[in-house]
Amino acid sequence: MTARAAAIDTAADPMTYRIPSLEGPKAFEAAARHLSFKAAAAELGVTAGAVSQQVKRLEMSLGISLFRRLPQGLLLTREGAAYLPDVSRAFDVLTDATEAVAPALNGRKSSIGVDPVIANRLPKGWPRHSTELEPYVRETRPMDDVELIWSNELDALLLAAKTRQGALAERAVCLSGATTSFYFVTRPGLAECRQSRAILEALES
């Protein structure tokens, strides 16, 4: 067999890419970070039952248990703890590859509304004061209207008070040295995206 024929034969071998559907590892990775199907569901924009079922199907396809289900949440099994770092790294690689060929798709910068009440609590010139945020923030607007998130005019809001809208993801943010918090608000599916993580890390550092 020639080298070229061998390469073609190997590429055609179904065992070469014998991996689960990405929905299972995606659900597992989110649930493992939060140790909660409910929190993972809020991040992914699906129901907790859907996350649980996706993880269950993954466990069945792998033939191992990834979590211990407890009354108060989840614990990773030894196998789950060993699986998580490589799964997370694989999604990072996939994200980088996607952004490299289609930066407008996954690398889109966030548009953020800033409640005028808290504007003077942010670092002077935020977010332009930090070159670390340049890849993640396209613009900021003085705004506190959560409806602009639902209409896709804004990706996130920094608000002085909780919205108490359970359909939105809200995280309390406390600036270094500050005694009071404000709130970073997004749609659930954007809560743990690369842009949101970078913005939150910069705010809290």
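Readers should treat all values here as calculations from the given coordinates under stated rules, not as data from a laboratory. Everything numeric in this text was worked out from a predicted model, so none of it was measured. As a convention, Cβ positions derive from the backbone with ideal geometry for all residues, glycine included, and neighbour counts pool all protein chains shown.
Before moving on, here are some points about what is shown:
- Nearest-ten-degree value, helix 3-12 long axis tilted from longest Cα axis of the chain: 70
- For the chain, the dipole from Cβ point charges (+1 on Lys and Arg, -1 on Asp and Glu) about the Cα centre works out to 420 debye, to the nearest 20.
- Greater than 29 Å apart at Cα, pairs in K26/K109; K38/K109; K56/K162; K38/K162: K56/K162
- Where the Cα pairs of the chain fall when distances are cut into 10 Å bins, in %: 8, 28, 29, 22, 9, 4, 1, 0
- Remark: the A90-R121 segment gains 7.4 nm on full extension, using 0.36 nm per residue and subtracting the alpha carbon distance.
- The chain: relative contact order in percent, alpha carbon pairs under 8 Å with at least 6 residues between: 15
- Looking at the chain, the DSSP beta bridges with both ends there are about 60 percent antiparallel.
- Label-to-label distance, E201 versus L22, with points set 7 angstrom from Cα along the beta-carbon direction: 2.2 nm.
- Between R194, R164, R138, the residue with the greatest mean-square fluctuation in the GNM of the chain (Cα pairs under 10 Å linked by springs) is R164.
- As a calculated quantity, the FRET efficiency between L175 and L62 at R0 = 30 Å, using C-beta atoms, amounts to about 0.10.
- In this label model, T98 and A81 are separated by 3.0 nm, measuring between points 7 Å along each Cα→Cβ vector.
- Under 16 Å of direct C-alpha separation, and excluding same-chain neighbours fewer than eight residues apart, K124 reaches these aspartates and glutamates: D115, E132, E134, E139, E204.
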